[in-house]
Amino acid sequence: MKLAEALQERADLNRRIEQLRVRITANALVQEGEKTAEDPQTLLDELAACTERLCALIRAINRTNCETDVGGKTLTDLIAERDSKRVLLSVYHDAVDAASRVVSRATRSEIRILPALNVKALQEKADLLSKELRLLDNALQEQNWKTELIGL
């Protein structure tokens, strides 16, 4: 199994577990003399199987990410890089949005509000970071489809 396939299955399992959570909760109580729409114990058994499979997948994905070398860095290193770039880019976008707001004045005597940041320079940094992030994400996706999952 390729790493990308394991990642897709992990996402599917997470969605399935959330659906089971909702169904279990919906069937947790029943009026006396009535039956639940679904057997909650069957749902709990399915939940146990899903979480067991999820655990095995997460272990294998983590092991693979730690042991796969891509140009002197592990996949784990690249994922950390990508995640930190996403956070930085989000802050840059928020700062550009905040500094770009126009504060209107009714009269010339009102206090002027000016941007404290160079919006153009910050936007250029954000654009460059977006490109780096896109390239890094593409490299990760490519590697995910090339890499065999370890230990499943």
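Derivation of every value follows stated rules applied to the coordinates shown; laboratory data play no part. Please read these numbers as outputs of a predicted model, since none were measured by experiment. Ideal geometry is used to build each Cβ from the backbone, glycine not excepted, and the neighbour counts take in all protein chains shown.
Annotations for the structure displayed:
- The chain, helix-only ellipticity at 222 nm - DSSP H runs n ≥ 4, -39,500 (n - 2.57), divided by all residues, nearest 500: -25000 deg cm²/dmol
- In order along the range 27-33, phi translates into HN-Hα couplings of 10, 6, 10, 9, 5, 3, x Hz, rounded to whole numbers, per the Karplus curve 6.51 cos²θ - 1.76 cosθ + 1.60 with θ = phi - 60° and x for Gly and Pro.
- Amide hydrogen proximity for Leu117: with H placed 1.01 Å from N in the peptide plane, no residue at 5 or more positions away or on another chain lies under 5 Å.
- In the range 4-55, trypsin sites (Lys or Arg not before Pro) in a DSSP loop with at most 15 other beta-carbon atoms within 10 Å: Lys35
- Principal-axis tilt of helix 119-146 within the chain, Cα atoms, nearest 10 degrees: 30
- More than 18 angstrom apart: percent of Cα pairs within the chain: 72
- Straight-line reach from Lys2: taking Cα to Cα under 18 Å and skipping same-chain neighbours fewer than 8 places apart, the lysines in range are Lys146.
- Whole-angstrom gap from the range 15-53 to the range 81-107, using each part's C-alpha centre: 43
- The GluC sites (Glu not before Pro) found in the range 35-138 that occupy coil by DSSP, while having at most 15 further C-beta atoms within 10 Å, are Glu38, Glu110.
- Residues whose amide H comes within less than 5 Å of that of Ile150, counting only those at least five positions distant or on another chain, are Thr64 (H built at 1.01 Å from N in the peptide plane).
- At most 16 other Cβ within 10 Å, DSSP loop - trypsin sites (Lys or Arg not before Pro), the range 97-126: Arg101, Arg105, Arg108, Arg112
- Amide H contacts for Val70 (H built 1.01 Å from N in the peptide plane; partners 5 or more residues away or on another chain; cut-off under 5 Å): Leu75.
- In this simple spin-label approximation, Gln19 and Ala121 carry label points 7 Å from Cα along the Cα→Cβ vector, and these lie 5.2 nm apart.
- The chain: relative contact order as a whole-number percent, Cα under 8 Å and 6+ apart: 37
- Near Val22: Cβ cut-off under 15 Å, other residues only, Lys/Arg at +1 and Asp/Glu at -1. The net charge is +1.
- Principal-axis tilt of helix 3-26 within the chain, Cα atoms, nearest 10 degrees: 70
- Stokes-Einstein diffusion coefficient of the range 32-84, Kirkwood radius over Cα pairs, 37 °C, 0.692 mPa s, in µm²/s: 232
- Here the dipole of the chain is about 920 debye; that uses its Cα centre as origin and unit charges on the Cβ of Lys and Arg (positive) and Asp and Glu (negative).
- Taking Cα atoms only, the orientation of helix 75-100 departs from the longest principal axis of the chain by about 40 degrees.
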